[in-house]
Amino acid sequence: MLLEVEGLDVRYGRNHAIRALDLELAEGEIVTVLGANGAGKSSLLKAVQGTVKPAAGAVRLNGETVTGWSSPKRVRAGLTLVPEGRQIFVSLTVHENLQMGAYSRSDNVEREIDDIYQRFPNLAARRDMLASVLSGGEQQMLAISRALLARPRIMMLDEPSLGLSPILVQSLFDLIGDLNRDGLTILLVEQNTHMALQTAHRGYVLELGATVLSGTAEELLADDRLEEAYLGGN
Amino acid sequence: MSGYLESQLIILCLNVIYAYGIFLPAASGQLNLGAAGFITIGAYSSAWINASGAPMYIAIPASMLFCAAIAFTIAFPILRTRGVYMVLATFAFAEVVAGLIINLEFLGAAAGYPVESHADYLVVVPVTILVVLLCFFLMSTRLGLAMRSIHDDEAVATLFGVDVRLAKVAAFTLGAALMSLGGALYGHHYNYIETQTFNVLLSIYILLYVLLGGTQTAWGPLVGAAFFTVVPEALRQIATASGHAWIADSRFIFFGAIIVLMMVFRPEGLVTRTMVDRAATPFGGGRSGAAPAARTA
């Protein structure tokens with residue numbers, strides 16, 4: 001397994017965000033984590049990325065336990081998170097945002113940045129503008145491109161479709177599929193259940209920090225309990 | 001050079017150096033109101049080392065190292081605070097420094113401390129130019145990029161492998177070393193120092209130079225310090241020469257009004273990123289669409 005999460009517990013004070021969660025992600029997979037607001041999806045990504053310390057449990061990358069590693073060290077090991085709400089650097093230019101993506105690398109990335117510009121001509125046209133002038137869709141492309149430049153082994157996306165128009169959501173999920181076909185392993189947290197399950201191979205459904213349902217995308221799409229998890233089966 | 005012009009030039013240079021010392025932490029999102037403390041340390045330590053027999057060109061770098069070491073040590077507790085709390089913590093630090101020196105007999109205590117070696121403008125001006133170039137260079141490096149990304153969003157900078165703590169400590173420490181340099185030059189130029197000169201008003205002015213000049217580019221502190229050093233003095237000169245002495249007396253009212261207007265209409269400072277980019281590409285730039293659309297920023 002490329003990524004294994006075992007018995008993960010995350011607490012914020014008395015609030016128990018994640019309870020004894022297990023999750024696996026194989027090389028080349030897209031796995032989606034679904035659930036209502038407050039189900040613990042973002043906490044899971046933060047614990048895997050290392051910005052939140054788990055109370056218990058282990059995170060293993062390619063068999064190696066990374067639970068005690070700092071966030072920068074995990075980035076260098078190939079774990080990259082595209083945060084919720086895109087969070088581009090608004091007072092840096094588009095080009096500098098891309099350079100920030102490659103911050104943890106010491107090799108020359110200008111050719112890879114050129115490849116990004118080929119893929120997203122809109123970003124190329126705005127390379128020297130402040131990223132704050134980009135539209136929501138362009139910002140999401142920039143956020144994903146920036147993450148790609150970290151050369152991730154696993155890209156984690158936290159609700160990337162949030163606040164995008166339906167057409168942009170479609171092209172976003174097309175992009176996620178394309179990146180996966182190019183060999184990228186993806187852990188996708190989403191509220192847009194339908195789109196996520198159409199793109200992903202497998203999924204986990206969280207409720208109050210624990211897995212209530214898991215299986216292949218087809219199984220989950222056919223399962224009535226999926227709706228219950230959202231409508232508050234508690 | 002006339003004595004008057006030289007004295008004004010020295011004040012301008014010192015203000016520019018101080019401003020860069022505050023700019024470095026400010027560019028990474030930290031508000032430092034402790035300028036007076038670092039300047040005091042620089043002025044007194046260089047003067048003391050000089051008095052102990054070392055020449056000025058050794059005393060000044062030594063004082064910078066000493067001040068950097070102090071800044072590095074206090075950076076860890078101080079950088080745990082943010083925003084207005086950091087302003088208070090750095091202010092408190094400067095007060096502690098002043099309180100300490102005023103009680104140290106071997107540094108002259110309240111009577112002030114004479115400084116032996118003299119530094120005229122032939123020393124101060126080239127050093128200032130070096131400081132400006134160094135800061136421009138620094139902002140173009142990886143550390144500069146990291147500092148600006150921290151200014152925007154600390155949490156996301158972490159996601160891309162920036163060691164936020166390290167970058168902040170580096171910016172704070174380098175800034176302190178620059179202020180120490182400014183303080184040392186002050187001492188060696190005027191050949192007399194007392195703690196009362198480096199008071200909280202000085203810290204406030206320097207922070208204002210930086211915030212009003214703009215923290216987005218390395219031009220900000222240069223323009224801010226130059227503007228707020230030259231304009232009040234020019235107002236005073238013009239007022240005296242034209243016989244309207246009341247303007248000279250009330251020039252700080254104009255000055256205050258300018259500051260309030262700036263805060264309202266241009267909170268990001270006089271010099272912004274977009275402005276510098278546009279100035280660098282006056283004919284629309286080599287890359288399609290870059291300059292015209294920048295106007296919408």
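Quick notes
- Rounded to the nearest 20 debye, dipole of segment A:11-90 from Cβ charges on Lys, Arg, Asp, Glu: 460
- When every Cα-Cα distance of segment A:80-210 is counted in 10 angstrom steps from zero, the calculated P(r) takes the values 12, 45, 33, 9, 1 percent.
- Positive-end residue of B:ILE247, B:PHE76, B:GLY182, charge dipole of chain B with Cβ unit charges: B:PHE76
- In degrees, nearest ten, helix A:110-119 long axis to first principal axis of chain A (Cα): 80
- The ranking of A:LYS41, A:LYS73 from fewest to most other beta carbons within 10 Å of each one's beta carbon is A:LYS73, A:LYS41.
- Compared with the dominant Cα axis of chain A, that is its longest principal axis, helix A:166-181 is turned about 90°.
- Two tests apply to each whole DSSP H helix in chain B, Cα reach of 27 Å or more along its axis and mean Kyte-Doolittle hydropathy of at least -0.5, and the ones passing both are B:3-27, B:56-78, B:83-101, B:121-140, B:164-190, B:219-241.
- Projecting label points 7 angstrom from Cα along Cα→Cβ for A:ARG14 and A:SER171 puts them 4.9 nm apart.
- Extension gain for A:GLU84-A:ARG111 works out to 7.0 nm (0.36 nm per residue, less the C-alpha to C-alpha distance).
- Spatial offset of segment A:32-95 relative to segment B:131-193 amounts to 29 Å, using the alpha carbon center of each.
- Calculated mean residue ellipticity at 222 nm for chain B: -24000 deg cm²/dmol, from DSSP H runs with n ≥ 4 weighted as -39500 (n - 2.57), summed, divided by the residue count and rounded to 500.
- Dividing the Cα radius of gyration of segment A:3-231 by 2.2 N^0.38 Å, with N the residue count, gives 0.99.
- Chain B - percent relative contact order, Cα under 8 Å, separation 6 or more: 30
- For peptides B:21-31, B:140-150, sequence by mean Cβ density within 10 Å, most packed first: B:21-31, B:140-150
- What the Cβ-Cβ distance of A:ALA36 and B:LEU5 gives, at R0 = 51 Å and to the nearest 0.05, is a FRET efficiency of 0.10.
- Mean Cβ count within 10 Å, highest first, over the residues of peptides A:145-151, A:54-60, B:83-89: A:145-151, A:54-60, B:83-89
- Averaged over the residues of A:86-93, the number of partner chain Cβ atoms lying within 10 Å of the residue Cβ comes to 6.
- Computed Rg/Rh of segment B:3-198, alpha carbon atoms with Kirkwood Rh: 0.99
- Which of A:GLY203, A:THR65, A:PHE120, positive extreme of dipole for segment A:3-231 (C-beta unit charges): A:THR65
- Based on alpha carbons, the Rg and Dmax found for the protein assembly as shown are 27.7, 90 Å.
Where a number appears in this text, it was derived from the coordinates with a stated rule and is not lab data. Keep in mind that this is a model prediction, so the values were computed, not measured. Note that each Cβ is placed from the backbone with ideal geometry, even for glycine, and that neighbours are counted across all protein chains shown.
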